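Quick notes on the structure that follows.
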């Protein structure tokens, strides 16, 4: 691929999570947001973000002068440390070694939020509300992947949109009922604290499974238990024959409903967008779960939440799309 498209060099965009490092190219001056040469690289195969980026750029033979990189971590200051991957980098140093005139670094779910206004009805599945209705803000953008991302989109199409990046996934888990109390005790014994992210992520499925397995076997809370892979738990649950896996996934969906409802109240949201790499794998299961019941279980404010639209993002790369949108916003 050539290093330019017309007179304007292509720009680098990236979405860096705890598991995958996704890269693409975009032309910020084109009439529409387009992604070119998309690649997803296993983060574990690279020592640093710099090495992964250099590998990608060498493979596409492009030397960009601008870049927008979304990372799964807070992005204040020059030093950035990923939350769920042992990578850290200096913005200024990364800009220098990649030969960039401009480097924008944003939170990964901030990037997903930037993508939301550009999504079509084909890029999402509606759980509740009118699928064809115009987007109404504020919008809560959240979802489980390697961690639990949370962001907020405010504004409207006429005045423009703005993104508020947050670390809302790390607030404390509020258990409801005996089973969730058991899970919370198991998690707190293991980690010292149980946040929403500890449950609503890939590893969270494994931990819920282990906690419930320990309970069934009569083991003391917190005693180590072999962890099943998250993908294996989801597959077993959807297969219908593994009762514990179905119990685990049902609990995961219920907790997700509670947390989504809490976030909607905190943000004053009119729309909730659920993203991340996990939920799109079991949307029918989510529909039939207690997700909606728990989303609405907010006492006197259940009626208010009835009017909130809920969608699951199915676009294959909303973080990349949002990074590209943010680069256009910068001019």
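The values are calculated or read from the model by the stated rules, or taken from the named source; none is laboratory data. On a predicted model such as this, the values are computed, not experimentally measured, just so you know. FYI the Cβ positions are ideal-geometry reconstructions off the backbone, even for glycines, and counts take in every protein chain you see.
Here are the numbers for the structure shown:
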| read-out | value |
| --- | --- |
| Filtered residue count, the range 152-196, keeping only those that are on the phi < 0 side of the Ramachandran plot and in a helix (DSSP H, G or I) | 18 |
| Scan of the range 119-131 for residues that are within 15 Å of residue 157 (Cβ to Cβ) and either without any contact (Cβ under 8 Å) to a residue 12 or more places away in the chain or more than 17 Å from the chain's Cα centre (by Cα) (or both), ordered by number | 120 |
| Test set (1) in a helix (DSSP H, G or I); (2) buried (at least 19 other Cβ atoms within 10 Å of the Cβ); (3) under 19 Å from the mean Cα position of the chain (by Cα) - residue 276 fails condition number | (1) |
| Total residues in the range 279-295, condition crowded, with 18+ Cβ neighbours inside 10 Å and closer than 23 Å to residue 134 by Cα | 3 |
| Boolean, residue 112 is at pLDDT 95 or above, in contact with a helix residue (DSSP H, G or I) (Cβ under 7 Å, 6 or more places away or on another chain) and farther than 30 Å from residue 307 by Cβ | no |
| Subset of the range 16-33 [without any contact (Cβ under 8 Å) to a residue 60 or more places away in the chain and assigned to a loop (DSSP other than H, G, I, E, B)] | 27, 29, 30, 31, 32 |
| Looking only at the range 180-217, and only at residues there that are under 20 Å from residue 298 (Cα atoms) and out of contact with any strand residue (DSSP E or B) (no Cβ under 9 Å at 6 or more places or on another chain), the one that is surrounded by the fewest Cβ atoms within 10 Å (Cβ to Cβ) | 181 |
| Residue list for the range 170-179, filter: over 23 Å from the mean Cα position of the chain (by Cα) and surrounded by 16 or more Cβ atoms within 10 Å (Cβ to Cβ) | 179 |
| Test set (1) under 23 Å from residue 109 (Cβ atoms); (2) at pLDDT 95 or above; (3) outside any strand (DSSP E or B) - residue 58 fails condition number | (1) |
| The one condition in (1) without any contact (Cβ under 8 Å) to a residue 60 or more places away in the chain; (2) surrounded by 13 or more Cβ atoms within 10 Å (Cβ to Cβ) that residue 63 fails to fulfil | (1) |
| Residue identified as modelled with pLDDT of 95 or more, surrounded by 22 or more Cβ atoms within 10 Å (Cβ to Cβ) and not in a helix (DSSP H, G or I) among 315, 311 | 311 |
| Where residue 141 falls short, out of the listed (1) within 29 Å of residue 268 (Cβ to Cβ); (2) modelled with pLDDT under 95 | (2) |
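For every residue, the table says whether it meets (1) more than 19 Å from the chain's Cα centre (by Cα); (2) under 27 Å from residue 110 (Cβ atoms); (3) modelled with pLDDT of 95 or more.
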{"residue": "236", "(1), (2), (3)": "yes, no, yes"}
{"residue": "240", "(1), (2), (3)": "yes, no, no"}
{"residue": "248", "(1), (2), (3)": "yes, no, yes"}
{"residue": "252", "(1), (2), (3)": "no, yes, yes"}
{"residue": "257", "(1), (2), (3)": "no, yes, yes"}
{"residue": "261", "(1), (2), (3)": "no, yes, yes"}
{"residue": "265", "(1), (2), (3)": "yes, yes, yes"}
{"residue": "270", "(1), (2), (3)": "yes, yes, yes"}
